[in-house]
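The values are calculated or read from the model by the stated rules, or taken from the named source; none is laboratory data. Nothing here was measured: the structure is a model prediction, and the numbers come from that model. All Cβ positions, glycine included, derive from the backbone under ideal geometry; neighbour counts span all protein chains shown. These accessible areas exclude ligands, DNA and RNA; they are computed on the full protein's heavy atoms, side chains included. Shrake-Rupley method; radii C 1.70, N 1.55, O 1.52, S 1.80 Å.
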Amino acid sequence: MAEVKLDAKIRTDFGKGAARRSRRENMVPGVIYGHGDAPKHVAIYNHALMMALKTPNALIRLEMDGESMLVIPKAVQREAIRGFLVHVDFLAVRKGEKVTVEVPIHTEGDLAPGANLLEHLLNTLPLEAEATHIPESVTVSVAGLDAGDSVHAKDVTLPSGSTLAIDEETVLLQVVAAQAEAPAEAEGDESAEG
């Protein structure tokens, strides 16, 4: 995964009022945690951050006041209706350091013929990976699976350097037979109603 460089400003004022001022200046307030250091309060330009967050588990290099820091987003808050960024929590990371992340699960292939449905019990797979080599996704083949079949975490081919951060027996996907609709009941005799 490529790292994205973003300019950030150190925030010295805190609270709702300060956060609102940052947003009016088209900046997103955020906090950097990690490595036992005191949290750092930052503000990042909205558009650049929004573009960086389009990639799950983006590795971001924040450039602020002559300091450079590698971070990954841990919690992103969005405004409920319009969806714009409100606040971001970052986790500081170092090259070679292992982190636990949720990686999207993608499926490929066609199920066995018949009225089968694929049910996603988990949409993401918790993995432990090196901070600078976080996979963007994992791909699972569902080709030929029939009703009653399932895919466990241990069945997923993991990217190099990644390990499961979940019980290997956890079911990720299962194939279920489509339910037949019950026949519609005949309409009652309208003359019986008075």
### Message
Can you find, within segment 125-154, the residue that is most open to solvent (accessible area, probe 1.4 Å) among those that are in contact (Cβ under 8 Å) with a residue 40 or more places away in the chain and either assigned to a strand (DSSP E or B) or over 30 Å from residue 96 (Cβ atoms) (or both)?
### Response
126
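Matching residues to (1) open to solvent by 60 Å² or more (accessible area, probe 1.4 Å); (2) under 22 Å from the mean Cα position of the chain (by Cα); (3) within 18 Å of residue 131 (Cβ to Cβ):
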site: 7; (1), (2), (3): yes, no, no
site: 11; (1), (2), (3): no, no, no
site: 23; (1), (2), (3): yes, no, no
site: 27; (1), (2), (3): no, no, no
site: 70; (1), (2), (3): no, yes, yes
site: 74; (1), (2), (3): yes, yes, yes
site: 85; (1), (2), (3): no, yes, no
site: 89; (1), (2), (3): no, yes, yes
#### Entry: Residues (of a type in the set (A, V, I, L, M, F, W, C) and surrounded by fewer than 20 Cβ atoms within 10 Å (Cβ to Cβ)) located in segment 29-42
31, 38
#### Entry: Residue in segment 52-67 that is crowded, with 16+ Cβ neighbours inside 10 Å, out of contact with any Gly (no Cβ under 7 Å at 6 or more places or on another chain), assigned to a helix (DSSP H, G or I) and free of Cβ contacts under 8 Å to residues at least 60 places away in the same chain present
yes
### Query
farther than 17 Å from residue 58 by Cα, hydroxyl-bearing (Ser, Thr, Tyr) and open to solvent by 60 Å² or more (accessible area, probe 1.4 Å), is that true of residue 163?
yes
### Query
Does segment 162-194 hold any residues that are among the small types (Gly, Ala, Ser), outside any strand (DSSP E or B) and either at pLDDT 65 or above or within 28 Å of residue 143 (Cβ to Cβ) (or both), and which are they?
162, 165, 178, 180
### Task
Kindly list the number of the only condition in (1) in a strand (DSSP E or B); (2) touching a residue at least 60 places away in the same chain (Cβ under 8 Å); (3) not small (Gly, Ala, Ser) that fails for residue 111.
(1)
#### Entry: Residues satisfying the stated conditions in segment 91-108, i.e. within 23 Å of residue 3 (Cβ to Cβ), outside any loop (DSSP other than H, G, I, E, B) and either open to solvent by 40 Å² or more (accessible area, probe 1.4 Å) or in contact (Cβ under 8 Å) with a residue 40 or more places away in the chain (or both)
91, 92, 98, 100, 101, 102, 103, 104, 106
